[in-house]
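Data first, discussion second: the structure below is written as structure tokens.
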Amino acid sequence: MNAVETRILELRTELDQHNYRYHVLDEPSIPDAEYDRLFHELKALEEQHPELVTSDSPTQRVGSVALSAFSQVRHEIPMLSLGNAFDETTMREFDRRVTEGLDLPMGDLLGGGAAVEYSCEPKLDGLAVSLLYQDGMLVRGATRGDGTTGEDISVNVRTVRNIPLKLQGSGWPPLLEVRGEVYMSKAGFERLNATQLEAGGKTFANPRNAAAGSLRQLDSRITANRPLEFCCYGIGQVTSDIADTHIGNLKQLKAWGMPISRELKLAHGIDECLDYYRDIGERRDSLPYEIDGVVFKVNSIASQRELGFRAREPRWAIAHKFPASEELTELLDVEFQVGRTGAVTPVARLKPVKVAGVTVANATLHNMDEVARLGLMIGDTVIIRRAGDVIPQVVQVVTERRPDNARPVEVPQQCPVCGSHVERTQLIKRSKGRETVSEGAVYRCVGRLACGAQLKQAIIHFVSRRAMDIEGLGEKSVEQLVDEGLVGSPADLYALTFEQVVDLEGFAELSSRNLLAAIVDSKKPSLARFIYALGIPDVGEETAKVLARSLGSLERVQAALPHVLTYLPDVGLEVAHEIHSFFEDPHNRQVIKDLLRHGLQIQDQGELSAEFSASTTLGGFLDKLHIPSVGPGGAQKLADKFGSLEAVMDADWLDMRQALPEKQANAVREFFAIAANREQALAAEQQLRDFGMHWQSEKKVVEGLPEAGHTWVLTGSLELMSRDVAKDKLESLGAKVAGSVSAKTHCVVAGPGAGSKLTKANELGLKVLDEQAFVEFLTGHGVAL
Ligand code: IVH
């Protein structure tokens, strides 16, 4: 063997080992980057020596040319299905039949019966697959088909990352058929649908359909790009027995490199099975994949043989199912709701149906694009899905059942709440300066705060705990205030009188006084809270904090141009435009004016933050203009050559060509030939000057905040302040507050009851403060409690 061959073998063995540790043991021992390096080294060697490529090489998981059809495969041992149980009684009957069938003593009310040992596994919601290994090499993959004949999907299964192309270790039978489920994780499914949507492709209704659609692709290169996973739950054909229990078999398969369920458990007797079912049921929503029940199997292989089969089901196994998460029902109507920002969104009114134990009569339809994508008509029979805590969704129309009198879904021309005009705006996607109008459309009621629905939502948001924090004003009271015409804008809250409040339903003398006191107390919000309370579309608490911290005053936040806003951490062009147009709007300006007139005193730091003011350069500025085909490198070249924005704008062709290649030089000149582009660039530059952020402005000494760049973690309960308050205080010192501990954590504050985070902090040798020490730290930095 020459040196290249040796190295190729070494790399394959090492990569197989890492794959095994990663996919089967869940204990990766090297970082992903190192894995990628080894992988690329192998790939490069194989490209130079194609004669050395073998089908079991880890590089061969990319799929190959499309087939015209799948060929058929006969299952030597049929792939059976399972009997179902939906309740405890059926499960106990199953156990009784097993006990009887094995001639074991039956119990009575006082117990005393034999406890059969069962293996317990989740029932994954994917599709059953058979994998055939000959002398440890994967030679065939097949679908279940009708149980006797399936389809040959060998090329497809080879692309599934955690299916071993060859078995690990030694001692495997010469012929071994492994059976299990190919499925897609919830996260993989979400990612896939998001990419499909973006690419204008078809989305999948659920992870099961996505897994099936991905695996049964004639073009296996498509399969290779889908996040499929495999979990082994049994064996088929085998030349010699492996172990004498089902769990023994699976553990041995795991040692040979097969992924098996982490939830695999042994139960002694039916009661432990029922406990397992309840436990998994409680954790169902937090599992990373979807399951539709659990599977119990008699653990002893000898007992399985004794029990045998009845028709197409084993007598030794059963699926204990959870209530179905998808049901059929009828779409009675589509109504339209108006949200806080005026968006008019369709809601499905359904013929009530029980889904996973809960009666569902409404489902969200998100927007009209979704209605179009589903091809929905009123009167249709639809599939409703309720997974976990999420709001029920319409996932599919059963077109075959469409009645003759089905009606199309139409957006009302007038707002159903206030009667104002409903405006249709094309969705504008801004990417890299090019505005692309995408196909979708948003419908908005133009009524603003004159629309009761928007006004109510705006006020509910304005008074909420994380916004202005006005306690004592619930949704019902807000509705009443609006309906009775007492409040027509958030500013009117500050003009409410005792007489008006005490007349509201549910208010007595004391609660009225308390509410008025809470309103007065809210008059000194921090700038961040105030910005958040305004309810600017896409501006959540974090963005509000960033705006407040960076710009330092309401005047600057109101004036900031989109281009300047994009200098803020995590503010993209899209959000920057939302913020800018919110403050441009005369109606919104009036509300802010009224609030200030009512004596609101916004607490701000007045100054631009040092990190923000130091963040501009001419090169960076030019890059942010997103001139077509000019990237950061080109922008920097322009900056180096011309030294000022004006010089770049007025440069002649020859000078420009000295800085950039022809295509880019043309692009720059074309860009600045458009008056609007020149004006925007100059206005943004002027604003940077006004804010003292211009690259020529004298820089303030960047002496960031004392905790800038430090990540803190809060754990356990705090007694002197809430976690939110502690977080605010730390952030005011420039710290970031994270939810989990890592080696990068600067300090952990641990109150009583701290658990695993504290243990981890101690293991990592991090600095840990108790609440007392934390308070001392804060006061030491001039932060009052
Ligand atoms: S055992 C003879 N175990 O459920 C026993 N099946 O209705 C055959 N499934 O087609 C199946 N998770 O696709 C078994 N842990 C598990 C399973 C499981 C999912 C699927 C499988 C099978 C169907 C049976």
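The values are calculated or read from the model by the stated rules, or taken from the named source; none is laboratory data. Keep in mind that this is a model prediction, so the values were computed, not measured. Every residue, glycine among them, receives a Cβ derived from its backbone with ideal geometry; neighbour counts consider all protein chains shown. These area figures cover heavy atoms from the full protein model, side chains too; ligands, DNA and RNA do not enter into them. Shrake-Rupley method; radii C 1.70, N 1.55, O 1.52, S 1.80 Å.
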| field | Cross-chain or 6+ apart pairs with Cβ under 6 Å, the range 462-476 first and surrounded by 14 or more Cβ atoms within 10 Å (Cβ to Cβ), then aromatic (Phe, Trp, Tyr) | value | ALA467/TYR532; MET468/PHE462
| field | Among residues of the range 188-229, those that are within 16 Å of the ligand (Cβ to nearest atom), of a type outside the set (A, V, I, L, M) and outside any helix (DSSP H, G or I), counted | value | 3
| note | Going through (1) loosely packed, with under 15 Cβ neighbours inside 10 Å; (2) within 15 Å of the ligand (Cβ to nearest atom) one by one, ASP292 fails only at (1)
| message | Condition first: closer than 16 Å to PRO628 by Cα and out of contact with any Gly (no Cβ under 7 Å at 6 or more places or on another chain). Can you find one or more residues in the range 681-692 that meet it? | response | yes
| request: For residues that are of a type in the set (Gly, Ala, Ser) and over 15 Å from THR148 (Cα atoms), scanning just the range 121-137, find the one that is farthest from the ligand (Cβ to nearest atom). | output: GLY136
| remark: Note on the range 306-362: residues within 15 Å of the ligand (Cβ to nearest atom), open to solvent by 70 Å² or more (accessible area, probe 1.4 Å) and not in a strand (DSSP E or B) are ALA311, ARG312, ARG315
| request: Report, ordered by the first and then the second residue, all pairs with beta carbons closer than 7 Å, sequence separation of six or more or different chains, a first member in the range 66-95 that is in a loop (DSSP other than H, G, I, E, B), and a second member that is of a type in the set (Asp, Glu). | output: ALA66/ASP219; PHE70/GLU151; PHE70/ASP152; SER71/ASP152; LEU80/GLU313; SER81/GLU313; LEU82/GLU313
| Within the range 261-282, is there a residue that is of a type in the set (A, V, I, L, M), open to solvent by 20 Å² or more (accessible area, probe 1.4 Å) and either within 14 Å of the ligand (Cβ to nearest atom) or at pLDDT 95 or above (or both)? | yes
| Exclusive hit being within 16 Å of the ligand (Cβ to nearest atom) and either modelled with pLDDT under 90 or open to solvent by 50 Å² or more (accessible area, probe 1.4 Å) (or both), set GLU100, GLU93, GLU76 | GLU76
| request: For residues that are over 21 Å from VAL139 (Cβ atoms) and either in a helix (DSSP H, G or I) or touching a Pro at 6+ places or on another chain (Cβ under 8 Å) (or both), tally how many sit in the range 230-253. | output: 5
| task | Select from the range 657-673 the residues that are outside any helix (DSSP H, G or I) and under 30 Å from SER613 (Cβ atoms) and list them in ascending order. | result | LEU660
| In the list VAL741, VAL749, VAL768, VAL713, which residue meets the criterion of being closer than 25 Å to ALA467 by Cα, surrounded by 14 or more Cβ atoms within 10 Å (Cβ to Cβ), hydrophobic (A, V, I, L, M, F, W, C) and in contact with a helix residue (DSSP H, G or I) (Cβ under 7 Å, 6 or more places away or on another chain)? | VAL713
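The rows are residues; the columns are (1) without any contact (Cβ under 8 Å) to a residue 60 or more places away in the chain; (2) in contact with a strand residue (DSSP E or B) (Cβ under 9 Å, 6 or more places away or on another chain); (3) farther than 25 Å from ALA85 by Cβ.
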| residue | (1), (2), (3) |
| --- | --- |
| GLU282 | yes, no, no |
| ILE291 | no, yes, no |
| VAL294 | no, yes, no |
| TRP316 | no, yes, no |
| HIS320 | no, yes, no |
| GLU327 | yes, yes, no |
| GLY339 | no, yes, yes |
| Residues being out of contact with any Asp or Glu (no Cβ under 9 Å at 6 or more places or on another chain) and either of a type in the set (Lys, Arg) or in a loop (DSSP other than H, G, I, E, B) (or both) - total across the range 570-597 | 6
| said: Quick check on ARG161: is it open to solvent by 50 Å² or more (accessible area, probe 1.4 Å), within 16 Å of the ligand (Cβ to nearest atom) and either touching a strand residue (DSSP E or B) at 6+ places or on another chain (Cβ under 8 Å) or over 29 Å from SER214 (Cα atoms) (or both)? | reply: no
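For every residue, the table says whether it meets (1) under 30 Å from ASP279 (Cα atoms); (2) within 33 Å of the chain's Cα centre (by Cα).
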residue: ARG37; (1), (2): no, yes
residue: LEU45; (1), (2): no, no
residue: PRO50; (1), (2): no, no
residue: PHE86; (1), (2): yes, yes
residue: ASP95; (1), (2): yes, no
residue: LEU124; (1), (2): yes, yes
residue: GLN134; (1), (2): no, no
residue: VAL139; (1), (2): no, no
